Each structure stands twice: as structure tokens, then as C-alpha cells.
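The values are calculated or read from the model by the stated rules, or taken from the named source; none is laboratory data. The shown structure was predicted, so the numbers you read here are calculated from the model rather than taken from an experiment. A quick note on method: Cβ atoms are made from the backbone with ideal geometry, for glycine too, and the neighbour counts reach across all protein chains shown. Only protein heavy atoms, including side chains, enter the accessible area calculation; ligands, DNA and RNA are left aside. Shrake-Rupley method; radii C 1.70, N 1.55, O 1.52, S 1.80 Å.
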Amino acid sequence: GCMPPACMAKLAPYVGGKERLETLVNVAFVGVLAIAYMSISTGLLTFNKYLMHDGRFPFAIFLGLVHMSTSFVFNAVLYRLCPSLFPSLSDPTGVDAVEIDRTLVTRTFMPIAVCFAAQLVLNNAAFMHSSLPFLQMMKESNVVLVYFMSLAFATETLSWTRVSVLVFIIAATGLTIHGEANLSIVGLSLQGFSIVCESLKLTLQGYTLSAHGKRVDALTYVMILAPLVFCVLGALMAVLAVFWPSRPTALLLPPWESIKEYSPVLFANTCLACAMNVSHALFIKNSSPITFILTGIILKDVLIVAVGALVMGNPLTCMQVVGFAMQLAGVFLWSMLKLFPEASEASLNMLRPAPAGGWEALSCSEQEAGLTLPFPKSVSHISSNSTMTPFDEDETPNSIASCSPPMGFLPSTPSFSPL
């Protein structure tokens with residue numbers, strides 16, 4: 001448990017018994033983890049936004065290189081100190097262990113790493129042109145692209161109920177964009193391409209991993225993916241230096257003077273990114289799916305937008321507030337459809353007018369393709385707030401009810417740097 005047995009024995013009589021005390025302690029522990037995860041995630045995004053400024057450290061590729069290298073080193077050290085946090089590498093029973101070979105790395109992880117690298121650079125560059133609330137509200141729409149890409153890869157089946165929810169999210173996102181007071185076409189375009197890369201990354205993640213039958217825990221995922229993304233970013237930096245010498249500042253290698261000046265700030269930023277890895281993994285491991293959706297997704301997104309508006313001075317228009325509220329409602333409904341497909345779709349059908357022939361029978365036999373995870377991919381848009389990849393499709397009702405650590409080629413969310 002979360003409390004020493006001696007303390008449990010002393011406090012139990014005051015709260016009605018040991019079982020009730022254990023429940024209260026677990027609830028308090030999950031609450032602390034939720035607050036820590038939301039705070040660190042919001043802080044990391046805000047920190048990245050602060051750095052990516054023309055007058056500070058506007059080097060998008062280099063910032064990604066720093067995050068990848070430190071995340072790998074941190075996770076390698078953590079693996080040496082506490083290998084039980086990496087069941088895919090250290091499970092003595094062999095049940096959760098995964099053999100890391102060249103085929104797995106080159107055919108499964110490398111395409112994901114390429115998409116991830118592009119997502120990182122584009123997202124960091126977008127910070128230089130658009131506000132944090134606006135970029136976060138745009139990210140709410142990534143569930144739409146993931147779903148339609150999954151249809152193209154045949155890892156999803158078409159459901160008009162889900163499509164109707166996605167259309168609602170698209171309309172809400174349109175309101176947030178149309179209501180932006182200081183709309184930057186460059187920032188909009190960069191974030192749009194970043195969302196496309198992230199959605200492709202998630203789709204490839206579900207498609208390639210389900211095809212290989214692989215399951216990887218969150219921290220192992222980060223430790224494997226980080227050096228690959230680092231190599232992709234390094235190769236991109238070299239290619240750009242040769243073929244595009246007059247490229248924008250975001251794609252340049254910073255001068256030594258800037259690195260030296262901002263080294264303390266970069267160190268703090270990378271420490272926050274590493275803390276994101278641990279807090280996210282612990283929160284996913286100890287919370288239920290509903291708890292994660294309400295706090296790790298809905299409340300976290302609200303907090304990020306609120307910090308951007310109130311702390312960073314990026315005002316929101318009434319149209320954006322309405323659109324954002326609609327987005328959150330749509331994302332929550334989408335998550336419920338993934339967690340409880342039968343009950344959710346039945347409830348939605350009750351809101352529709354009955355056809356001439358009576359109530360339309362619901363088809364609840366859709367086969368969810370992808371990895372067996374405790375949470376649905378619909379909540380993975382979260383993940384975009386950190387450099388870890390979001391969740392993948394869950395496959396069975398039992399996996400949804402499970403509170404075990406997330407398994408799948410995803411780090412149950414973000415976190416080299418918030419994206």
C-alpha cells in the first residue's frame with residue numbers, strides 16, 4: 001500500500017476500519033498523482049512555449065534533441081535502479097517481456113519515430129506563432145484524424161454514431177479557430193501538420209503493433225523510442241545544414257553562447273520532461289479509465305487553456321470559449337463510446353427519432369483492432385501534450401476495466417516534451 005502497516009493500524013479505528021482506511025488512502029494517492037500529472041503536463045507545455053520565442057531559445061530541432069537524449073538517459077538510469085518499472089524488459093515470468101530485435105526496431109519503431117520527430121519540430125515551431133490556448137484547442141481534433149486514418153488502415157470499422165460525434169468535434173474546432181483574435185496562418189499550418197503527424201504516428205502505432213502482437217509498457221516505450229527520434233532529428237539537422245543553409249531560426253543549431261546562457265533553463269526543462277514520464281506512468285497505473293478521462297484529459301486541457309489565458313495573457317473570445325466547451329463535451333462522449341460502446345451507442349440512439357419501422361437495432365459487434373490496453377485510443381489525444389505517445393485502441397471490455405499499467409506501444413502518454 002501507500003502507507004506503512006504500523007500507521008494503518010493506528011489510524012484504522014478512527015475511520016471505521018482497515019478496509020475503509022485503505023480506500024481513503026488509495027483515493028488520496030490517486031488524487032495526488034492526478035494533481036501532479038496535470039501540473040507537470042501544464043508546466044511543461046507552458047515552459048516550452050516560453051522557450052520558443054525569438055528573444056529566448058527558438059531552436060525547435062535542438063530542443064527536441066535535448067529532450068530525447070535526456071529522456072533516454074533518465075529512463076536508462078531508472079531501469080538500472082528500479083527494473084520493475086519496465087516489465088517489458090524485466091518481467092521474470094516472461095509474460096510481459098518483449099524481445100527487442102532489429103526487425104522490431106526498424107519496421108515498427110522507426111516509422112513511429114519519424115512521425116514523432118516531425119510532430120515535435122512542427123509543434124515546437126508553432127509555439128513561435130500562436131498562443132498556447134489556441135494550439136491546445138486545435139489538438140482536441142486529433143481524434144478525428146486518428147479515426148479516419150484507422151479506417152484507411154482497416155484497424156477500425158465504420159460507425160455512423162462515432163462519425164456524428166467526430167463531426168460535432170470538427171464543428172467545435174472550427175469555432176475555436178474562427179474565434180481566434182490573433183490568428184496566425186503560419187501557426188495554424190504548423191500545428192495542423194503537427195496534428196497530422198501525430199495522428200499518423202498513433203495510427204501506425206496501432207497498426208504495426210497489432211500486426212506484430214507486441215505490447216510494451218510506457219517507460220520501456222520511451223527508452224526505446226527516444227534514441228530513434230534523436231537519430232532522426234540529428235539526420236534532419238545535417239540534411240538541412242547542407243541543402244537549406246538559409247533556413248528559419250527554429251531549424252538552426254543554436255550558437256554555443258545561447259546554449260551556455262540557457263543551460264540552467266534547459267536543465268530545468270528536461271527535468272520537468274523526465275518528471276512527466278514518471279508521473280504519467282504512475283497515474284495511469286493507479287487510476288481507473290474514468291478517472292483518467294476526467295482528470296488526465298478534460299481537467300488537464302482546461303488547466304492548460306486557463307493558464308495560457310490567465311497567466312500568459314492570451315485572451316479568449318466568447319466564440320472560442322463556447323467552441324472549447326463543445327470540444328470537451330465531444331471528446332468526453334467519444335471516450336465513453338470507446339469505453340462502453342454498447343451502453344453509449346444505445347443512449348445516443350434513444351435521442352434520435354424512431355424510423356418508420358421502429359427503433360433501429362444497434363450493432364455492437366464491432367471488433368476493435370489494435371493493442372490490448374486499459375484505455376482507448378480516443379484518450380490518446382492527450383498524449384499530445386507530452387512527447388510520449390498516447391494510448392492505443394483497447395480490444396476487450398476486460399482490458400478497459402483493468403487498472404494495470406498501460407501496455408502497448410505507447411507510453412501511456414506523453415513525455416519528452418509536450419506536444
For the peptides 101-110, 38-47, what is the packing order when you average, over each peptide's residues, the other Cβ atoms within 10 Å and list the highest mean first?
38-47, 101-110
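Need one word for segment 245-305: rounded, prolate or oblate. Basis is the Cα gyration tensor (sqrt eigenvalues a ≥ b ≥ c); a/c below 1.5 gives rounded, then a/b vs b/c decides. Don't skip to the answer; put the middle values down first.
Working: a/c = 3.52, a/b = 2.29, b/c = 1.54.
Since a/c reaches 1.5 and a/b is larger than b/c, the shape of segment 245-305 is classed as prolate.
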Label-reachable residues, segment 171-193, where backbone N falls under 19 Å from a point 7 Å from Val265's Cα toward its Cβ
none
Here the net charge surrounding Leu266, from other residues whose Cβ is less than 12 Å away from its Cβ (Lys, Arg +1; Asp, Glu -1), is +1
Would you mind working out the magnitude of the charge dipole of segment 18-81 relative to its Cα centre, with +1 at each Lys and Arg C-beta and -1 at each Asp and Glu C-beta, to the nearest 20 Debye?
60 debye
Roughly speaking, what is the stretch gain from Thr157 to Arg56, that is 0.36 nm per residue apart minus the C-alpha to C-alpha distance, in nm to one decimal?
31.7 nm
Rounded to the nearest whole Å², what accessible area per residue is found for segment 119-206 with the 1.4 Å probe?
33 Å²
Using a probe radius of 1.4 Å on heavy atoms only, what accessible surface per residue do you get for segment 23-90? Whole Å² is fine.
42 Å²
Given a Förster distance of 51 angstrom, what is the FRET efficiency for Ile100 paired with Ala181, based on the Cβ-Cβ distance and rounded to 0.05?
0.55
Yeah, segment 181-337 with a ≥ b ≥ c from its alpha-carbon gyration tensor (a/c under 1.5 is rounded, else prolate when a/b outruns b/c, oblate otherwise) is oblate
Yeah, segment 159-229 with a ≥ b ≥ c from its alpha-carbon gyration tensor (a/c under 1.5 is rounded, else prolate when a/b outruns b/c, oblate otherwise) is oblate
Once amide H atoms are placed 1.01 Å from N in the peptide plane, what residues at a sequence separation of 5 or more from Asp217, or on another chain, have their amide H within under 5 Å of its amide H?
Ser88, Gly408
